[in-house]
Amino acid sequence: MTKPARRFAMVQMDVFAATPLQGNPLAVFPDARGLADAEMQAVAKEMNLSETTFVLPREPAVEREKGVRVRIFTVSEELPFAGHPTLGTAFVLRGTSGVGEVKLDLKVGMVPVRFEDHEGQPAFGEMRQLDPQLGEVHARDAVARATGLSPEQIADDVPIQTVSTGVAFVIVPLRQLSRAQSMQLDLRRAGEYLERGEGKFFYFVCRETVDRNARLHARMLFYNGEDPATGSAAGCAAAWMAAHGVAEPGERVLIEQGAEMQRPSRIFVRADKDGNRIVNVRVGGNAVEVLRGELTL
């Protein structure tokens, strides 16, 4: 006897953009109950986006206390945390309710997303990430060999440093915008280098920007190609900026990313300082719905 088809609603968002077909696409399944782990991974591969999220609703009292349970998958693996999936999923969960905050229960713990509504402007969401861990400082020569850059193309007035707010990124500051725009990455060599240390991905940043209002121009190249907007890395960059004087503590600044892919993204970040510690990392932006559909299994 043929089993009845299972159907799962899906919403696709463009995150860190207020205009459709910009920013970073995200597929969200608002009720993924009944999907096994292997099925979630297969669905994420089918979606073929940077990430896909699966919401697992619970009793309202549990969600008020612990947050809405969400799992995040790339085409290859489950992640404990990622920025644009967190923000985009919070926008989907908020819908048209107008609530001021949505709390997500992720593998790294609870991440709140607060919303700002101003007349005549699209809603703005801002997540508070886990307090950062500032880790290893890397040698320019070693990173240059691993990435295909020359040491002279990497800035020497701020450090190359591993930072994590749930996923560890090696922040690599480049001297010139033109080099950031034209760079390619040898994924094999980069992967071998990262496997020997704490970082999972490289995040390349440059203080020369296209938009004069931006503080950093950023790129993130990885096994899925290139990411138009990387909210988890942007949180790490916010901590790095506050720690090394690129941004003032508490100052909200813009990171531009995705231009090389024709998917311009605007990521707003800030971080506070408590003595020698960086705390209260916040990453925000807009998100716009572009597609609704149904998965049949």
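The values are calculated or read from the model by the stated rules, or taken from the named source; none is laboratory data. All of these numbers come straight from a predicted model, not from anything done at the bench. Note: ideal-geometry Cβ built from the backbone for every residue, glycine included; neighbour counts use all protein chains shown.
Please work out if R292 is of a type outside the set (S, T, N, Q), in a strand (DSSP E or B) and closer than 18 Å to Y203 by Cα. No; evaluated as a whole, the condition is false for this residue.
Condition first: assigned to a loop (DSSP other than H, G, I, E, B) and among the aromatic types (F, W, Y). Can you find one or more residues in region 207-224 that meet it? Scanning region 207-224, I find at least one residue that is assigned to a loop (DSSP other than H, G, I, E, B) and among the aromatic types (F, W, Y), so the answer is yes. If the condition is being among the basic types (K, R), farther than 30 Å from E39 by Cβ and in contact with a strand residue (DSSP E or B) (Cβ under 6 Å, 6 or more places away or on another chain), then region 267-297 contributes R270, R282. Each residue in region 117-140 was checked for being free of Cβ contacts under 8 Å to residues at least 12 places away in the same chain and within 17 Å of R282 (Cβ to Cβ), and 0 of them qualify. Restricting attention to region 84-99 and to residues that are out of contact with any helix residue (DSSP H, G or I) (no Cβ under 9 Å at 6 or more places or on another chain) and hydroxyl-bearing (S, T, Y), the residue that is surrounded by the most Cβ atoms within 10 Å (Cβ to Cβ) turns out to be T89.
Test A90 against the criterion of being closer than 25 Å to E251 by Cβ, not β-branched (V, I, T) and not assigned by TED's automatic domain parsing to the domain that holds G197, and give yes or no. Taking the combined requirement at face value, the residue satisfies it.
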